[in-house]
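Please read the structure below before turning to the comments.
The values are calculated or read from the model by the stated rules, or taken from the named source; none is laboratory data. Small disclaimer: the values here were computed from a predicted structure and weren't measured. Counting neighbours? That spans all protein chains shown, and the Cβs are built from the backbone with ideal geometry, glycine included. In case anyone asks, the SASA skips ligands and DNA or RNA and just uses the protein heavy atoms, side chains included. Shrake-Rupley method; radii C 1.70, N 1.55, O 1.52, S 1.80 Å.
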Amino acid sequence: MKNKINVIVPFYNCKTYLETCVSSIMTQKYENFHVYFIDDCSNDDSWSVLPHEDNRATCIKNEINLTALPNIHKAVMEFCEPDSIVVLCDGDDKLINKNVLSFINNIYNEKDCWFQYGQSLWSDGRRGFASAYSEEEFNNLRKAIYRVSHIRSFRAGVYHKIKEQDPEFSQFKDKNGQFYKSCYDVPIVWSLMELSGYKRCYFNDVPLYLYNRENPLNDDKVNQ
């Protein structure tokens, strides 16, 4: 089965790395995908390296900087059908080869999962920290060691289900009702994993993603 895959790429001021990211996605051998590039009010001309003429891509430019979480949230809720697979990619990172989306599609077909997370390679040569949760850890997920890293993907319908229990998506927001500006992946991951359940979450140990540790805007460097 060739699942529809929606790749969501929010980015801000990463023109130096963005062209490589774009190429790594647009040269995928998998055919049934669409990518949403979301320029979060960059001022470094990142917009110019996007594939504006490619019908597999939708390019969106924000007038104000929103940060990653509200951009991802809007894209999933407005553009992604429930049965589609959502793949998240940062604009300064890249997919590791041309078969990544095919590999992810096979995971969903073979494992019948609703949420997938995986191992990555880091640009400084190290292997990422991700690993599988035990069932005991999973049952107390929010107090367990955080093991989730790139690449992250999920059925859009699971994300849509969050709204039934939390109509305002308050768990994605701070005490002032604003979307979290950093570590956005944690509330998304917890919600998706808890709704999916242990048997519908799958950890893939084959690196599919190159995580950029060199970008000076990397959260680890800006505000760890």
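Overview of values
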item	result
Total residues in region 1-15, condition modelled with pLDDT of 95 or more and open to solvent by 60 Å² or more (accessible area, probe 1.4 Å)	4
Scan of region 136-159 for residues that are part of a strand (DSSP E or B) and open to solvent by less than 10 Å² (accessible area, probe 1.4 Å), ordered by number	153, 154
Hits in region 165-182 - residues which are in contact (Cβ under 8 Å) with a residue 60 or more places away in the chain, over 14 Å from residue 67 (Cα atoms) and open to solvent by 100 Å² or more (accessible area, probe 1.4 Å)	none
Candidates 42, 46, filtered to the one that is open to solvent by less than 10 Å² (accessible area, probe 1.4 Å), at pLDDT 95 or above, closer than 15 Å to residue 65 by Cβ and more than 17 Å from the chain's Cα centre (by Cα)	46
Subset of region 39-61 (residues that are in contact with a strand residue (DSSP E or B) (Cβ under 9 Å, 6 or more places away or on another chain) and either under 9 Å from residue 91 (Cα atoms) or charged (D, E, K, R) (or both))	39, 40, 54, 56, 61
Scan of region 64-75 for residues that are under 14 Å from residue 185 (Cα atoms) and either of a type in the set (A, V, I, L, M, F, W, C) or free of Cβ contacts under 8 Å to residues at least 24 places away in the same chain (or both), ordered by number	68, 69, 72
Test result for residue 133, among the hydroxyl-bearing types (Ser, Thr, Tyr), part of a helix (DSSP H, G or I), under 21 Å from residue 198 (Cβ atoms) and open to solvent by less than 30 Å² (accessible area, probe 1.4 Å)	no
Residue 71 vs. criteria over 18 Å from residue 28 (Cβ atoms), of a type outside the set (Phe, Trp, Tyr) and either open to solvent by less than 30 Å² (accessible area, probe 1.4 Å) or more than 16 Å from the chain's Cα centre (by Cα) (or both)	yes
Test: residue in region 160-182 that is under 25 Å from residue 23 (Cβ atoms) and of a type in the set (Phe, Trp, Tyr)	no
Checklist (1) open to solvent by less than 70 Å² (accessible area, probe 1.4 Å); (2) closer than 22 Å to residue 207 by Cβ; (3) modelled with pLDDT of 95 or more applied to residue 98, failing item	(1)
